[in-house]
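A short write-up of the structure that comes next.
The values are calculated or read from the model by the stated rules, or taken from the named source; none is laboratory data. In this text the structure is predicted, and so the values were computed from the model without any measurement. Methodologically, a virtual Cβ is constructed for each residue, glycine included, from the backbone with ideal geometry; neighbour enumeration extends over all protein chains shown.
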Amino acid sequence: MGILENRFQDNVVVASMDKLLGWARSTSPWFFQFGLACCAIEMMATAASRYDLMRIGMIPRSSPRQADVMIVAGTVTMKMSLRVKKLYEQMADPKYVIAMGSCATSGGPYWQHGYHVLKGVDLVVPVDVYIPGCPPRPEALIEGLLKLQEKIQADRPLTKKIA
Amino acid sequence: MSEDQDKFIADVVEKALQGDMDAINNIEDRVTRSKAKAALVKAKREAKAAATEDTSKSEESKTEESAPVEKSLSEKVAACLNEKFPNSLESEDVNGHIQMKDKNWFEIAQYLRDNLDFLFDSLQCVTGYDFGENEDLEVRYNLHSMTHNHAIEIRIKTDRNNPKVPSVEQVWRIGDWFERETYDMYGIEFEGHSNMTRILCPEDWAGWPLRKDYETQESYHGIVVQKVKDGWE
């Protein structure tokens, strides 16, 4: 930390504001539970005591306004896609989306003949992390969430972006 | 002596068969008594065999006689409807289901529900059916009676270009959602239904998904529905 090093007592930590914000954000991304199909069962299992998502600071929220991450867990139908979009727009910035399972990433088993299924939730909202699987195991979901935390941590919200 | 004894035993056995066991028990000579008892057992066995033969014979003859008379439930219902509502059946042939015309369907449904012989108080399913291009559509009703524990299937054909069938929503309340689902998937309109709208697909959905000539729409509210899926199979 250059000139700031060793200038204060031991109980003072010195860091850049940018980094601190990234760290704070990444360690408590509350997720908006979006159980649409069988993936929701795995998501619930992940949040329950055996896999315990609280370890990495994540709690399920039922309102888009309290959530930072939207886990789209399941098949998104055409009818639902409009609602997904609306709910995404209701979330406060910064917001992230995880596409969990084959259906949310690409339409999954409904790719060929599902007339009413959205072929991937990325057609409607921007997706940060895709998790393959049908449905993915809780370990896979946790891996995806850790990847997302890395991504959030790498964000530098105060730094001016060079276009 | 032996002839006398035989006659005596036959007499006693006869008495015993009519319920008077004392006749045998009171015989003083032990040998005669045991002979009499043996004769009684034999007589009883023979009587039993004869009786079962008789009943089995009579049962056989009964089934042979009544088999052609016994009608299936569908046939009974069809016959009853033909009598009560003439010209309501599409065909007299009853092959596990009743093929009907849509004429009077509402009244017939009420009759089937309330008639004490049938009491079809439960509409279990309403299904649509598409026979293919330029062919008719069909609605199928599965009725079940909780009281009598019997069930029938009723089928009504309707024109593909103007599919209309009387609604039975007011007869069985569950018909409300069943008919809306059939409307949603096949576009069959149920006349007299209080809320004939789509139930599963969005209201602005185009086409009837379960018809054979259905084509997936290209986009929905600006969202592209991908049709060409190269490099996947």
### Query
Would a scan of segment A:15-27 turn up a residue that is at pLDDT below 85 and exposed (fewer than 15 other Cβ atoms within 10 Å of the Cβ)?
yes
### Query
Can you tell me how many residues in segment B:201-213 are within 9 Å of another protein chain (Cβ to nearest Cβ) and more than 18 Å from B:Tyr129 (Cβ to Cβ)?
3
### Summary
B:Ile223 fails exactly one of (1) away from every other protein chain (no Cβ under 13 Å); (2) without any contact (Cβ under 8 Å) to a residue 12 or more places away in the chain; (3) under 30 Å from A:Gln112 (Cβ atoms), namely (1)
### Summary
The correct count of residues that are farther than 22 Å from A:Leu141 by Cα and either without any contact (Cβ under 8 Å) to a residue 12 or more places away in the chain or touching a Phe, Trp or Tyr at 6+ places or on another chain (Cβ under 7 Å) (or both) in segment A:65-81 is 1
### Query
Among the residues of segment A:67-85, is there at least one that is loosely packed, with under 13 Cβ neighbours inside 10 Å and farther than 30 Å from A:Gly114 by Cβ?
no
### Summary
Here the residues within segment A:15-58 that are assigned to a helix (DSSP H, G or I), closer than 30 Å to A:Leu82 by Cβ and of a type outside the set (Lys, Arg) are A:Cys39, A:Ala40, A:Ile41, A:Glu42, A:Met43, A:Met44, A:Ala45, A:Thr46, A:Ala47, A:Leu53
### Message
Out of the residues in segment A:107-142 meeting the condition of being within 30 Å of B:Trp208 (Cβ to Cβ) and not in a loop (DSSP other than H, G, I, E, B), tell me which one is nearest to the other protein chains (Cβ to nearest Cβ).
### Response
A:Leu123
### Query
Are any of the residues in segment B:162-173 closer than 22 Å to B:Leu210 by Cα, loosely packed, with under 15 Cβ neighbours inside 10 Å and in contact with an Asp or Glu (Cβ under 6 Å, 6 or more places away or on another chain)?
yes
### Message
Please count how many residues of segment B:1-31 are among the hydrophobic types (A, V, I, L, M, F, W, C), assigned to a helix (DSSP H, G or I) and surrounded by 12 or more Cβ atoms within 10 Å (Cβ to Cβ).
### Response
9
### Query
How do the pairs read when you match residues in segment B:25-53 that are under 21 Å from B:Gln5 (Cβ atoms) with residues anywhere that are charged (D, E, K, R) and surrounded by 13 or more Cβ atoms within 10 Å (Cβ to Cβ), using Cβ under 6 Å and keeping only pairs 6 or more apart or on different chains?
B:Ile27/B:Arg33
### Message
Just checking, does segment B:117-125 include any residue being surrounded by fewer than 18 Cβ atoms within 10 Å (Cβ to Cβ) and either closer than 27 Å to B:Tyr220 by Cα or among the charged types (D, E, K, R) (or both)?
### Response
yes
### Message
Looking for something without any contact (Cβ under 8 Å) to a residue 40 or more places away in the chain, surrounded by fewer than 18 Cβ atoms within 10 Å (Cβ to Cβ), within 9 Å of another protein chain (Cβ to nearest Cβ) and part of a loop (DSSP other than H, G, I, E, B) - is there at least one such residue anywhere in segment A:88-99?
### Response
no
